[in-house]
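Right, one structure below, let's go through it.
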Amino acid sequence: MKQVNPRNLHPTLVGKCFWPTKVGYKINIEIPIHKCSTLLLLFLFLNCLSAEPFLRNQQNEPLYRNLETLAEISGEKKLWEETIKQTPTRLDLAVFLNDCLITCEQKNIELHDELISLLLKEFDRELLVLDIQNRLEKQDRYLRKISQFVNWNAEFSIAVEQLSGDFPITERELTFYGSPPPSSVLSFSQQVRLNLTAGTKNNFGFLRLKNFGFWGIGKYSSGATGINFSSSDPPNVEEILFQLKSKNLSATIGKRYLRLGEYGLSIDYLVTPLESIQFSYYWKKITAALIIGSRADSADYYATRIGIGPFGLLGFLSAIKKDYTELYNLTNDKGLGCDLGFHFWGDRRISGEYSYYQPDKEKNINSWFAGVDLLKTEKVGLTCRYADIGAIPRQSPALNQLPLEFIVPKFVRHESNSQGPELFFDILLPYSISGNYEFLYSEKSVESESTIISKKHIVRVRSSRPSTVGFILANCYTIENHFKYNTIRAQLTVKF
């Protein structure tokens with residue numbers, strides 16, 4: 001009498017996954033989309049299976065006896081009694097056979113060929129259906145496990161912007177401010193971002209690809225020459241980084257947006273990402289960060305910040321590359337700074353930052369920025385800030401090319417060598433709509449003229465949904481005795 005190992009009977013047999021109904025059977029699983037062909041095959045098999053009771057008559061008696069013997073050998077008597085309480089179908093008996101074979105495999109019980117061959121021959125179609133089900137379940141569990149470590153999403157934005165106003169017409173002003181458009185301009189632009197994260201919450205890699213461009217421009221939208229594209233720049237790596245983090249330490253390496261301090265008067269790379277390495281330490285209310293950054297064509301940057309509660313002290317040093325120094329007549333610079341931010345009277349907050357910048361041994365530049373929440377509730381906020389920015393190099397943020405999370409009042413909108421107040425008013429409206437009004441008054445000192453006074457009004461209306469964000473921005477910019485222009489932008493972002 002030949003002994004048969006259940007491990008060799010069928011490649012992958014699993015437990016119950018089919019349940020009888022009045023008209024047939026349903027599968028209690030989730031099927032990946034790319035397995036639709038297998039799912040169709042599975043349904044074809046099910047349509048071929050009978051839903052009629054499998055009666056214990058003279059013809060089926062040998063099968064029932066073999067199943068009872070299998071129940072005794074595998075120790076599944078209780079399961080057998082539950083199966084035959086109501087008149088079972090062929091599929092019910094196949095599920096029971098499947099469970100017994102798994103038990104025998106786990107217990108290393110060898111079965112006689114005479115016992116098992118008749119059952120396998122009779123229920124071969126049902127066992128094949130169960131095998132397909134098992135393969136799909138295994139794959140689904142594998143994909144779910146991967147999804148815990150790999151996550152991706154995409155953002156597609158389309159913006160409509162209109163520029164209008166009164167521009168300077170004298171040759172001197174055109175040279176100073178650049179050539180303005182001859183009339184009101186309406187432009188369209190699109191922006192696509194692909195984000196990929198792989199790893200755990202503390203240890204992960206992150207990649208962000210960006211494509212941006214204006215419609216109807218037959219060259220690089222960024223202004224580069226020598227390459228001709230119909231409407232936009234090709235996708236480029238906007239951010240790529242790797243992070244390792246433990247309880248008190250973390251290390252981050254790669255190209256990313258970053259800022260040190262409350263407002264980034266000393267270190268601010270929220271407009272252009274910086275290739276850098278950052279080491280951080282956390283212990284209770286003490287934080288410390290060391291950043292080493294590099295620009296291949298300009299300078300290396302070294303910065304550090306130590307924070308104790310709401311207070312932070314930072315310093316930075318740049319080492320200008322030799323060729324860059326000779327070309328632009330630049331020297332190494334250094335600076336110190338401190339920042340402060342804490343809550344008072346509920347959710348109201350006071351924040352400020354001071355920066356000392358020394359571009360050379362004979363020149364010292366001081367800058368400071370302070371803000372206070374005059375009103376702060378769940379739905380309404382009123383903030384007042386004042387800035388006095390020295391002649392330090394600052395980048396002007398191009399709002400239409402920034403991620404949505406950066407289009408916030410966190411930017412210091414004052415240019416270098418300027419001063420003046422800012423006022424922010426925020427309100428939260430029904431249906432997930434938020435509004436913001438910003439007023440900026442700035443006095444800028446220039447070499448050719450004593451003072452240039454500028455005023456800026458910015459109104460934002462934003463509607464946020466789980467997968468879409470609507471954004472409207474109106475910007476009125478006035479420079480007294482020079483020109484005035486208005487910008488209105490409507491932007492829709494879809495996340496998927």
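Based on other C-beta atoms within 10 Å, arrange 339, 99 from fewest to most. List each step's numbers first, then the result.
Numbers: 339 24, 99 20.
Ascending Cβ contact count within 10 Å gives the list 99, 339.
Non-local amide H neighbours of residue 391 (under 5 Å, H modeled in plane, Pro and chain starts lacking H): which ones?
417
Residue by residue through the range 435-441, which ³J(HN,Hα) values in whole Hz follow from phi under the Karplus form 6.51 cos²θ - 1.76 cosθ + 1.60 (θ = phi - 60°), with glycine and proline marked x?
Once rounded to whole Hz, the list reads x, 8, 10, 10, 10, 10, 10.
For 237, 372, 95, what's the fewest-to-most ordering of other Cβ within 10 Å of each Cβ?
Values: 237 12, 372 15, 95 24.
Fewest-to-most Cβ neighbours within 10 Å comes out as 237, 372, 95.
Please list 3J(HN,Hα) in residue order for the range 237-252, calculated via the Karplus relation 6.51 cos²θ - 1.76 cosθ + 1.60 where θ = phi - 60°; whole Hz, with x for glycine and proline.
Per residue, the Karplus-derived 3J(HN,Hα) values read 7, 7, 9, 8, 8, 10, 10, 10, 9, 10, 5, 10, 10, 8, 9, 10 Hz.
5 Å is the cut-off here: which amide hydrogens, built 1.01 Å from N in the peptide plane, fall below it relative to residue 333, excluding neighbours closer than 5 in sequence?
318, 320
Non-local amide H neighbours of residue 89 (under 5 Å, H modeled in plane, Pro and chain starts lacking H): which ones?
Under 5 Å from the amide H of residue 89 lie the amide H atoms of 54, each far enough along the sequence or on another chain.
Using r as the Cβ-Cβ distance of residue 113 and residue 237, and R0 as 45 Å, what FRET efficiency do you calculate, to the nearest 0.05? Walk me through the intermediate numbers first.
Values: r = 62 Å, r/R0 = 1.38.
According to the calculation, E is roughly 0.10.
Quick note: the coordinates plus some simple rules give every number you see, no bench work behind them. Since the structure is predicted, the reported quantities are computational estimates derived from the model, not experimental observations. Note that we place each Cβ from the backbone using ideal geometry, even for glycine, and neighbour counts take in every protein chain shown.
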